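Okay, so here's the structure we're looking at.
A short reminder: the numbers here are calculations on the coordinates, not readings from a lab. Model, not experiment: these values are computed from the prediction. In this analysis, Cβ positions are derived from the backbone assuming ideal geometry, glycine residues included, and neighbour counts consider all displayed protein chains.
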Amino acid sequence: GNSVTQMEGPVTLSEEAFLTINCTYTATGYPSLFWYVQYPGEGLQLLLKATKADDKGSNKGFEATYRKETTSFHLEKGSVQVSDSAVYFCALSASGTYKYIFGTGTRLKVLA
Amino acid sequence: DTGVSQDPRHKITKRGQNVTFRCDPISEHNRLYWYRQTLGQGPEFLTYFQNEAQLEKSRLLSDRFSAERPKGSFSTLEIQRTEQGDSAMYLCASSLARGSVYEQYFGPGTRLTVT
């Protein structure tokens, strides 16, 4: 079946450090891929998306590239800020369906 | 605020009681989804509507759960005879079909605690 696997957290970084959160997926066909972010006490917010192989989604300094050959969609940011502290979820929407399948989330803590 | 809204935000109930949650989607969105999120996990799909039609239900949605979306606007999720295992955050999302990507916008959730 379709699934998403994320690296386990928490991830703790110093401000201005480079961030990578790994996400791999299993799906038939060509899913759409998403990263959502959940700040403390708030709902899920769409961070970025990619709909086909080699697409790069980007937003607020975050980037992720849809890699079909490695079935991956890793989230990266060149220089994290304390305000980036949140839980990040990778998700997919398989071809022909509308529901999302989420990973378990990765908590990021950025220290000043 | 034109985002997805959910009511109530928190609900504490005793085991065996019935509860109902409401979701108001973004006004022009024709699709509405319910998810459940337990602590330390990602959201899990429960069901989805296109307009007023319920088109898919997860195996997670036992007979005690029922969802409706009358007139294709707001939706309700009812849990009958609640059990402690029902304690979770219930999330609602909505989307509008545009091209081939259906971005879902999530509400703040209803946190259910069953005692």
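For the reader, a short list of remarks on this structure follows.
- For q = 0.26, 0.29, 0.33 Å⁻¹, Debye-computed log10 I/I(0) when each Cα of segment A:30-77 counts as one equal scatterer: -0.91, -1.05, -1.23
- Residue-count net charge about A:Leu13 - beta-carbon cut-off 14 Å; Lys, Arg +1, Asp, Glu -1: -1
- Counted charge near A:Ser79, where neighbours are those whose Cβ lies closer than 15 Å (Asp, Glu -1; Lys, Arg +1): -3
- Count, lysine Cα pairs under 23 Å in the protein assembly as shown, 8 or more residues apart or across chains: 20
- Chain A: most fluctuating residue of A:Leu44, A:Leu75, A:Leu19 per GNM, C-alpha cutoff 10 Å: A:Leu44
- Peptide A:104-111 is shielded by partner chain Cβ atoms: per residue, an average of 1 of them sit within 10 Å of its Cβ.
- Note on the protein assembly as shown: with charges restricted to the Cβ of Lys and Arg (+1) and Asp and Glu (-1), its dipole about the Cα centre is near 500 debye.
- Label-to-label distance, A:Thr104 versus A:Glu16, with points set 7 angstrom from Cα along the beta-carbon direction: 3.4 nm.
- Karplus 3J(HN,Hα) series, Hz, for segment B:104-109 with 6.51 cos²θ - 1.76 cosθ + 1.60 (x for Gly, Pro): 9, 10, 9, x, x, x
- Kirkwood-type hydrodynamic radius, chain B: 14.2 Å, calculated from all non-identical alpha-carbon pairs.
- A simple count of charges around B:Pro70, restricted to other residues whose Cβ falls under 12 Å of its Cβ and scoring Lys, Arg +1 and Asp, Glu -1, yields +1.
- In Hz, Karplus ³J(HN,Hα) per residue of segment A:23-34 (6.51, -1.76, 1.60; θ = phi - 60°; x = Gly, Pro): 9, 10, 9, 10, 6, 7, x, 10, x, 8, 10, 9
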